[in-house]
Amino acid sequence: MQHIFIIAEAGDNHNGNLANALKLVDQAAKAGADCVKFQTFVTEEVISRYAEMAEYQKQNTGKTESQFDMVKKLELSFDEFRKIRGHCQKRGILFLSTPFDLPSIAFLNGMDMPFFKIPSGEITNYPYLKAIAETHKDVVLSTGMCTMEEIREAIALLEGNGAGRITLLHCNTEYPTPFEDVNLKAMETMRAAFNKEVGYSDHTLGIEVPIAAAAMGAVVIEKHFTLDRNMEGPDHKASLEPQELAAMVKAVRNIETALGTGEKKPSPSEQKNLAVARKSIVARRNIRQGELLTEENLAVKRPGTGISPMRYSEILGTQAVKDFKEDQLVEI
């Protein structure tokens, strides 16, 4: 059975507050996620002072300030991320953070993360992709807003500059994502086209879609979560609350178990029901020894502890080896 790697995406739902970030670590660990992921950035390196907020950010925050001003309030320092990583180690959950700029890549490369998670917005950022590739670490690449050609070019750039194994995440970059725009079948398209393992980064409301993605073979599931959906900030409204995150993790683990090995054979739990559910060849009426066995004096009934009905034609026309009472299992 394949272990589905579950990323609890804290993102910037700490609202720039270290105490909140540590609480998010606690909740992700409690929910049973494999890792808790944040976003590491130096605002001045990422966003122009003239950049406007996205429409969903305006709607979710009720504000119309510049994107720079909004994001600056969500920024945590490198030293604070060291404290978050230390807390993750204490709670037994993997620390992960997505860098959004070159200084953050360099910083996180020294944090002993097993792989880099590249967000959808950076898939056309040549210097960024090259810097991550040159760390030689594995990469999980989100593909929201992407064409197949953009994905192909990003993979070529990453692999051409030394990146490790690349896993693709299907994604839709809208918060929340309408169900009609999810397009989970694109996972299968990417898996076939690029010969890569594929997962899913979810921005829908609820937990149904990531569970469906798990059933479709996603090897990674990423989902935003928050301490409270009513908190101020751009991503809270499209995030799960702690109890919902725990429910999602439990459901994905159940699906993971249910997917099994793919080998078709009677399972241990159903073995005991074979005799009860299947049938055997029995006497339809009393049969005397030496009498020919025919369709008129044979029947097929439960239990399945006798001769299999698959041997019915073989039995027809033979002589009864002894007397059989009605409903008694026939022997040969």
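The values are calculated or read from the model by the stated rules, or taken from the named source; none is laboratory data. A quick note: this is a predicted structure, and the numbers were derived from the prediction, not measured. No Cβ is skipped: glycine too gets one built from the backbone with ideal geometry, and neighbour counts run over all protein chains shown. These area figures cover heavy atoms from the full protein model, side chains too; ligands, DNA and RNA do not enter into them. Shrake-Rupley method; radii C 1.70, N 1.55, O 1.52, S 1.80 Å.
Ordered by residue, what ³J(HN,Hα) values in Hz, to whole numbers, does segment 278-288 give under the Karplus form 6.51 cos²θ - 1.76 cosθ + 1.60, where θ = phi - 60° and Gly and Pro are x?
With coefficients 6.51, -1.76 and 1.60, one gets 8, 10, 10, 7, 10, 6, 6, 9, 5, 10, 8 Hz.
Name the long-range amide H neighbours of GLU222: under 5 Å, sequence gap of 5 or more, or other chain; modelled H, no Pro or chain starts.
Close amide H contacts, sequence-distant or interchain: ILE7, TYR200, SER201, ASP202.
Once you've got the GNM for the chain with C-alpha springs shorter than 10 Å, pick whichever of LYS301, LYS264, LYS90 has the biggest mean-square fluctuation.
Of the options given, LYS301 has the highest mean-square fluctuation.
May I ask you to give the solvent-accessible area per residue for the chain, in square angstrom, as obtained with a 1.4 angstrom probe?
That works out to 49 Å² for each residue.
Check each of the GluC sites (Glu not before Pro) in segment 224-332 and keep only those in coil by DSSP with at most 14 other C-beta atoms within 10 angstrom; list them in order.
GLU232, GLU263, GLU291, GLU295, GLU296, GLU326, GLU331
Can you give me the long-range amide H partners of LYS301? Hydrogens built in the peptide plane at 1.01 Å from N, cutoff under 5 Å, separation of 5 or more residues or another chain.
SER280, VAL282
Please work out the C-alpha center-to-center distance from segment 1-43 to segment 199-257 and express it in whole Å.
Distance between centres, Cα-based: 12 Å.
With the dipole of the chain worked out from charges on the C-beta (+1 for Lys and Arg, -1 for Asp and Glu) around the Cα centre, which of GLY206, VAL249, LEU108 lies farthest toward the positive end?
So the residue furthest toward the plus end is VAL249.
List every residue whose amide H lies under 5 Å from the amide H of LYS137, counting only residues 5 or more places away in sequence or on a different chain, with H placed 1.01 Å from N in the peptide plane.
Placed amide hydrogens put GLY164 under 5 Å from LYS137.
Enumerate the calculated ³J(HN,Hα) couplings along segment 34-49 in order (Karplus 6.51 cos²θ - 1.76 cosθ + 1.60, θ = phi - 60°), each rounded to whole Hz, writing x wherever the residue is Gly or Pro.
Calculated HN-Hα couplings, in order: 6, 8, 10, 10, 10, 10, 10, 7, 10, 3, 4, 8, 10, 10, 5, 5 Hz.
Springs between alpha-carbon pairs under 10 angstrom, Gaussian network model over the chain: which of ASN125, ASN183, ASN286 fluctuates most?
Looking only at ASN125, ASN183, ASN286, the biggest GNM fluctuation is shown by ASN286.
Alpha carbon centre of segment 167-194 versus segment 285-332: separation in Å?
Measuring centre to centre over Cα atoms gives 58 Å.
May I ask you to evaluate 6.51 cos²θ - 1.76 cosθ + 1.60, the Karplus curve with θ = phi - 60°, for each residue of segment 168-176 and list the ³J(HN,Hα) values in order in whole Hz, giving x for glycine and proline?
9, 10, 5, 7, 10, 8, 9, 10, x
Enumerate the aspartates and glutamates that LYS83 could reach by cross-link, defined here as Cα to Cα under 17 Å, with residues fewer than 8 away along the same chain left out.
Qualifying aspartates and glutamates at Cα under 17 Å: ASP12, ASP26, GLU75, ASP112.
Among the DSSP beta bridges whose two residues both lie in the chain, what percent are antiparallel, rounded to the nearest 5?
In the chain, DSSP labels about 20 percent of beta bridges as antiparallel.
Given springs between every Cα pair under 10 Å in a Gaussian network model of the chain, which of ALA186, ALA51, ALA28 has the largest fluctuation?
ALA51
Just add up the charged neighbours of LEU245: K/R +1, D/E -1, any other residue whose Cβ is under 11 Å from the Cβ of LEU245.
0
Using 0.36 nm per residue, how much length does the chain from GLU55 to ILE332 gain when fully extended, once their Cα-Cα distance is taken away?
Stretched out fully, the GLU55 to ILE332 stretch lengthens by 91.8 nm.
Enumerate the lysines that LYS325 could reach by cross-link, defined here as Cα to Cα under 18 Å, with residues fewer than 8 away along the same chain left out.
Excluding near neighbours in sequence, the set is LYS279, LYS301.
Please give every one of the lysines within straight-line cross-link reach of LYS90, meaning a C-alpha to C-alpha distance under 21 Å, and leave out same-chain neighbours fewer than 8 residues apart.
LYS23, LYS30, LYS37
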